[in-house]
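> Handing you a structure now.
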Amino acid sequence: MGFILNIETATKNCSVALAREGEVIAIKEIAEENFSHAEKLHVFIVALLEENKITFQDVDAVAVSQGPGSYTGLRIGVSSAKGLCYALNIPLIAVDTLEVLARKISIENGVVIPMIDARRMEVYTAIFDKDFNKIRAIQAEIINEESYNDLNETIHLLGDGASKFKTILTADNFVYHDEAVFPSAQEMGVLSFNKYKKSDFVDVAYFEPYYLKDFVLNK
């Protein structure tokens, strides 16, 4: 097969990776406070292909991080992915953003809880086992001192949402992975390739990001 272009814009990280048969061969990404996705995403895509001497016609599919996450970031990523798929007549693959984030670490025991900041004391989160099987569904959750008291195993926390709760979730079984802050297209290669092999595609015309919460305009 040719290549899969992987796009991750669900958080502050604007990330694009080129993968072949599940292996990422090149990546461009930048995480900035001012969400520069609209300016950087297409520049990254074009540069990634040119630097690797690959044309758009060599791309077999586009994969996009579906959310949850930033409303604006998701809109930009999904719109770009859909536009490419329309223009090139290739399939669109949707990948779970929280699983992408969870896969930034590798554990031998316990569970992984990726957290994407949803403002104030709320996060977008799910729970995965050590093999990244989802054992609790995605939800928007308000965190307090009693959160996850029902889990006795080691709990691995990562993401920009997790860093907010170091003074709240303080039990000995909480392990914080501060180096894994944002989801990245680097971890999308295997996920998108597995979906490609199963023809697990979404409808380009009707696919929408998984926002989880309604958009609220700050005043």
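> For region 71-145, what does the alpha-carbon gyration tensor say about shape, rounded, prolate or oblate, given a ≥ b ≥ c as the root eigenvalues, a/c under 1.5 as rounded, and a/b over b/c as prolate? Don't jump to the answer; show the numbers that get you there.
Values: a/c = 3.30, a/b = 1.60, b/c = 2.06.
The shape class here is oblate.
> Count charges around residue 32 for me, please; just the other residues with Cβ under 11 Å from its Cβ, Lys/Arg as +1, Asp/Glu as -1.
After counting each charged neighbour, the total is -1.
> Counting other C-beta atoms within 10 Å, which of 177, 37 has the fewest, and how do the rest follow?
177, 37
> Put +1 on the Cβ of every Lys and Arg and -1 on every Asp and Glu Cβ in the chain; which of 202, 18, 140 then has its Cα farthest towards the positive end of the dipole?
202
> Per DSSP H run of n ≥ 4, the term is -39500 (n - 2.57); total these for the chain, divide by its residue number, and report the mean residue ellipticity at 222 nm rounded to 500 deg cm²/dmol.
Helix-only estimate at 222 nm: -7000 deg cm²/dmol.
> Now, a different point. For the chain, build the convex hull from the C-alpha positions and give me its volume per residue in Å³. List each step's numbers first, then the result.
Values: hull volume 27.4 nm³, N = 219.
Taking only Cα atoms, the chain has a hull volume of 125 Å³ per residue.
> How large is the charge dipole for the chain, taken about the Cα centre, if only the Cβ atoms of Lys, Arg (+1) and Asp, Glu (-1) carry charge, to the nearest 20 debye? The partial results should precede the final answer.
On the way: 21 positive and 32 negative charges, 107 e Å.
Dipole magnitude for the chain comes out near 520 debye.
> Continuing with the same structure: With viscosity set to 1.567 mPa s at 4 °C, what whole-number translational diffusion coefficient in µm²/s follows for region 105-177 from Stokes-Einstein and a Kirkwood radius over Cα pairs? Mind showing how you got there, number by number?
Working: Rh = 12.2 Å.
Once the numbers are plugged in, D ends up at 107 µm²/s.
> Moving on to the next point. Give the order of 151, 98 when sorted by the count of other beta carbons within 10 angstrom, beginning with the fewest.
Listed from fewest to most nearby Cβ atoms, that is 151, 98.
> Over region 79-219, how many pairs of lysines fall under 25 Å by alpha carbon, counting only those 8 or more apart in sequence or from different chains?
26
> At a 10 Å Cβ-Cβ cut-off, how would you order 160, 150, 60, fewest neighbours first?
So the residues, fewest neighbours to most, are 150, 60, 160.
Any read-out appearing in this document is the output of simple, stated calculations on the displayed coordinates, not a laboratory observation. Only a predicted model underlies this, so the values are computations on that prediction, with no experimental measurement involved. In this analysis, Cβ positions are derived from the backbone assuming ideal geometry, glycine residues included, and neighbour counts consider all displayed protein chains.
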